[in-house]
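A short worksheet on the structure shown next.
The values are calculated or read from the model by the stated rules, or taken from the named source; none is laboratory data. Quantities reported herein were computed from a predicted structural model and do not represent experimental measurements. Neighbour counts run over all protein chains shown; Cβ positions are idealised from the backbone, glycine included. Areas reflect the complete protein model, heavy atoms only, side chains present, ligands, DNA and RNA absent. Shrake-Rupley method; radii C 1.70, N 1.55, O 1.52, S 1.80 Å.
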Amino acid sequence: MRVGNASGFYGDRFGAFEEMLGGGPLDVLTGDYLAELTMLILGRDRLKDPKAGYAKTFLKQLEGTLGSALDRGVKIVTNAGGLNPEGLTFAMFELAERLGLRPKIGYVTGDSLEPGDALTANAYLGAWGIAECLRAGADIVVTGRVTDASLVVGPAAAHFGWSRSDFDALAGATVAGHVLECGAQATGGNYSFFTEIPMGRLGFPIAEIEADGSCVITKHDGTGGAVTVGTVTAQLLYEIDGPRYLGPDVVTRFDSISLQQVGPDRVSVSGVRGEPPSGSVKVGLNHLAGYREEVTFVLAGLDIPAKRELVLSQLPSDVQWTMVGDSLLRVVRTSPTPGRVLSTAAVELALSSYPGFTLTAPPSDPKPYGRFESTLVDASLVEHIAVLPDGTRVPIPPTPPGPVEPLPSVSLPQWTAGGPTTPAPLGSIAGARSGDKGTTANIGVWARDPSVWPWLANFLTVERFRELLPTSHNVVRHVLPNLRALNFVIDGILSPTRFDPQGKTLAEHLRTHPVPLPTLLLPADHELKSMFGGASSH
């Protein structure tokens, strides 16, 4: 079964649906629109209009592609329903009637919980509601908050007839879903070694899934980017924690994944093991935390430190600031109310501060910001409903929890110290990708070559990591030998006032730092210069 992806977030490339449907054979096309921030945006939309709360972009994309999907027999599965999957379903019926089409549409609901003092509270449902709709003949399935991988697991479970206890197969499909969920990040987007692959208009990923849950990750012929063990590894390490990847239907063992390049733009994923779920379901809570103002001052010429101190002394005392490079002073103020305190103060300084005073842009109105937190609830307390194309509502019971075996101990590969070293960026022999979950960031680091892995596993300890990226926050290291990778989880490091609030640049900062690399592991000089010619500017 060929499952493709056409959206990794709310705002992804609009034309991807048409490109994927017209670019080659597919059985299922998925679209992932939801993230923590997206749920906050949709929550604010619904405050203004109770009929809103879904990803309107999807409806516009469907207008130009619904007929094509039906003609080709391609099922569409998407979480674009957001906070209002029923509302999006009705809007789709209206669209189909306008187009003279008659698709069978099912939707999954029940994830929305009583929010208490939060703006939104949504449980991360699993794949079985999606599977139920597809088994009932749905051409399109719309969901609210489900796990991202469920968009792939549900169609696979329905297609192959998997049972609730086929944990290895479900885990394999979960890995496929995790690779596909962020779209072009699996085909070269945001990839450490992007200079080595054809970029431009990247193709979106496809998983060719087998009955046992194994798959081959690929893309349509003639599209940009590349599918390699490296690009797939980078996406596997994105926004994960330890070896166990928790889900409502299966716990996926990321320490069991085997990757192999089996052809141009073809990477096989096999050997994935699954375990019974825990019996708990993750719930994401979004709070409206207040309002933030941001102003960036340009500091040019002489006496930069004195200029910075002067302007900071003239601003409200409750601001936070960051120097961006040598000449940009970024100042942020948060408040529970939407007043223009920082913006007004900055404008009033135009003729009474440091010489050369200017801003990168006129101050704007305060913008609301959110606070995300997650918790766990008993899966039996969450209503999971599949609404079939004929309107029948089918309750989806949770999968019973099962016994959990201890994780096997991890033995680090042997590395014999000694021999000459050369100061060079860590990134010359290691890739990295960072992600966010609320206030927590993760940085996955992997060895480009098997010969590098023994050195990396022994060198990049938590202590060495702290030397390269100093932080007062708790850091935990997880070892994934099968991926030749280390995953560092940093609790509480992210906040709305950071210059990089989602921690997207953390991985590249880590790769930039020079370390004493064994000379025998270094790439050729010309490759090193090509890759890091601009590193001195950091």
Q.
For the condition under 30 Å from Met39 (Cβ atoms), out of contact with any Cys (no Cβ under 9 Å at 6 or more places or on another chain) and among the small types (Gly, Ala, Ser), what is the one hit in Ser352, Ser280, Ser327, Ser313?
A. Ser280
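Going by what's in this entry, would Ile443 be described as without any contact (Cβ under 8 Å) to a residue 60 or more places away in the chain, in contact with a Ser or Thr (Cβ under 9 Å, 6 or more places away or on another chain) and open to solvent by less than 40 Å² (accessible area, probe 1.4 Å)?
no
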Q. Considering only segment 216-240, how many residues are farther than 23 Å from Ala447 by Cα and outside any loop (DSSP other than H, G, I, E, B)?
A. 2
Q: Among what's in segment 179-207 and is closer than 18 Å to Gly444 by Cα and touching a Ser or Thr at 6+ places or on another chain (Cβ under 7 Å), pick the residue that is surrounded by the most Cβ atoms within 10 Å (Cβ to Cβ).
A: Ala186
Q: Kindly check whether there is at least one residue in segment 162-178 that is in contact with a Lys or Arg (Cβ under 7 Å, 6 or more places away or on another chain), open to solvent by less than 10 Å² (accessible area, probe 1.4 Å) and part of a helix (DSSP H, G or I).
A: yes
Q) What pairs can you find where one residue is in segment 463-492 and of a type in the set (D, E, K, R), the other is assigned to a strand (DSSP E or B), and their Cβ atoms are less than 7 Å apart, with a gap of 6+ or different chains? A) Arg466/Val475; Arg477/Leu486; Arg477/Phe488; Arg484/Trp446; Arg484/Ala447; Asp491/Thr440
Q.
Can you tell me how many residues within segment 9-45 are part of a loop (DSSP other than H, G, I, E, B) and in contact with a Pro (Cβ under 9 Å, 6 or more places away or on another chain)?
A. 1
Q. For Ala507, which of the numbered conditions (1) closer than 25 Å to Thr421 by Cβ; (2) more than 18 Å from the chain's Cα centre (by Cα); (3) buried (at least 17 other Cβ atoms within 10 Å of the Cβ); (4) modelled with pLDDT of 95 or more fails to hold?
A. (2)
Q) Does segment 1-55 hold any residues that are open to solvent by 50 Å² or more (accessible area, probe 1.4 Å), over 28 Å from Tyr369 (Cα atoms) and in contact (Cβ under 8 Å) with a residue 24 or more places away in the chain, and which are they? A) Arg2, Glu18, Glu19, Gly22, Asp27
**Q.** From Leu299, Leu328, Leu310, residue being of a type in the set (A, V, I, L, M, F, W, C), open to solvent by less than 30 Å² (accessible area, probe 1.4 Å) and free of Cβ contacts under 8 Å to residues at least 60 places away in the same chain
**A.** Leu299
(Q) Looking at segment 241-257 only, could you name the residues that are part of a helix (DSSP H, G or I) and in contact with a Gly (Cβ under 7 Å, 6 or more places away or on another chain)? (A) Ser256
Q.
Residues to consider are Pro398, Pro450, Pro420, Pro403; find the one that is touching a residue at least 24 places away in the same chain (Cβ under 8 Å) and either surrounded by 14 or more Cβ atoms within 10 Å (Cβ to Cβ) or at positive phi (or both).
A. Pro398
Q.
Where the second residue is among the polar types (S, T, N, Q) and part of a loop (DSSP other than H, G, I, E, B) and the first is more than 21 Å from Leu29 (Cβ to Cβ) and without any contact (Cβ under 8 Å) to a residue 60 or more places away in the chain and lies in segment 220-248, which pairs have Cβ atoms under 7 Å and are six or more apart or on separate chains?
A. Ala226/Thr187; Leu246/Ser278
**Q.** Hits in segment 262-272 - residues which are over 15 Å from Val153 (Cβ atoms) and in contact with a strand residue (DSSP E or B) (Cβ under 6 Å, 6 or more places away or on another chain)
**A.** Val262, Asp265, Arg266, Val267, Ser268, Ser270, Gly271
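Going through segment 106-138 one residue at a time, which ones are part of a loop (DSSP other than H, G, I, E, B), surrounded by fewer than 24 Cβ atoms within 10 Å (Cβ to Cβ) and either touching a helix residue (DSSP H, G or I) at 6+ places or on another chain (Cβ under 9 Å) or at negative phi (or both)?
Residues satisfying the conditions are Gly110, Leu113, Glu114, Pro115, Asp117, Ala118, Leu119, Tyr124, Ala136.
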Q. So which residues in segment 86-105 are under 16 Å from Val146 (Cβ atoms) and either open to solvent by less than 10 Å² (accessible area, probe 1.4 Å) or in a loop (DSSP other than H, G, I, E, B) (or both)?
A. Leu88, Thr89
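Could you tell me whether Glu527 is open to solvent by 60 Å² or more (accessible area, probe 1.4 Å), at pLDDT 95 or above and not in a strand (DSSP E or B)?
Judged against the criteria, Glu527 is not a match.
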Q) Given the conditions (1) modelled with pLDDT under 95; (2) touching a Ser or Thr at 6+ places or on another chain (Cβ under 9 Å); (3) open to solvent by 40 Å² or more (accessible area, probe 1.4 Å), which single one is not true for Pro481? A) (1)
Q.
Restricting to segment 109-134, name every residue that is of a type in the set (A, V, I, L, M) and within 23 Å of Ala176 (Cα to Cα).
A. Ala123, Leu125, Ala127, Ile130, Ala131, Leu134
Q.
Going through Phe58, Phe93 one at a time, which residue ends up being under 24 Å from Gly177 (Cα atoms), of a type in the set (Phe, Trp, Tyr) and in contact (Cβ under 8 Å) with a residue 12 or more places away in the chain?
A. Phe58
Q | Subset tally (residues that are open to solvent by less than 60 Å² (accessible area, probe 1.4 Å) and polar (S, T, N, Q)) for segment 495-504 | A | 2
